[in-house]
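Bear in mind these aren't lab numbers, they're just calculated from the coordinates by the rules spelled out. Owing to the predicted nature of the structure, the values given are computational and were not obtained by experimental measurement. Neighbour counts are summed over all protein chains in view; Cβ atoms, including those assigned to glycine, are modelled from backbone coordinates with ideal geometry.
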Amino acid sequence: MMRAWTLPMLLVFCGSAAATGPILKGIPGTAAVLLSAFLILAFVNSPLIYPRSVDAREAQRRSAVDGRPIVFWRPGCTYCLRLRIRLGRAARRAHWVNIWRDPAAAAAVRAANDGNETVPTVIVADRPHTNPDPEWVREQLRRSA
């Protein structure tokens, strides 16, 4: 769990450090802009922007029942963030699995990607798709609804 928050906490710390200089120089507006930018980056890279993760076994069970895709992701991954943002509200219909929280999920991703933990890896009908086009994933979500 802590690993998922390392980058966001580091961004908050760096933003605080970057804002300290302008505050000490009497430029609070610049400090506020710097801190705000770092806080936004921290939020975007945090697990908060993603739908609640389940473990790999639970995602596979749910997908077998409802046919929805499984999305393996990890915090800090720009491609995962791109997928999440481009899916919009439809992202909540997929089963999201954080590979940093679930060793079985990381193993499943490595098995699908020649030993690499390449994310996002989307499983549709038991077939892995590495870093698929968000529009394709949206179509798969529509089909499973």
Rank these for me by crowding, Cys77, Cys14, going from fewest to most other beta carbons within 10 Å. Cys14, Cys77
For the chain, can you list the cysteines whose C-beta has no other cysteine C-beta under 4.7 Å from it? Cys14
Once both label points are put 7 Å beyond Cα along the C-beta direction, the Arg61-Ile27 separation in nm becomes 5.6
Descending principal axes extents, segment 2-48, alpha-carbon based, whole Å: 35, 14, 8
Simple SL model, points at 7 angstrom along Cα→Cβ for Trp5 and Asp126; separation in nm is 3.9
Percent RCO, i.e. relative contact order, over the chain, from Cα pairs under 8 Å lying at least 6 residues apart: 23
What 222 nm value per residue comes from the helices of the chain, counting each DSSP H run with n ≥ 4 as -39,500 (n - 2.57) and dividing by all residues, nearest 500 deg cm²/dmol? -18000 deg cm²/dmol
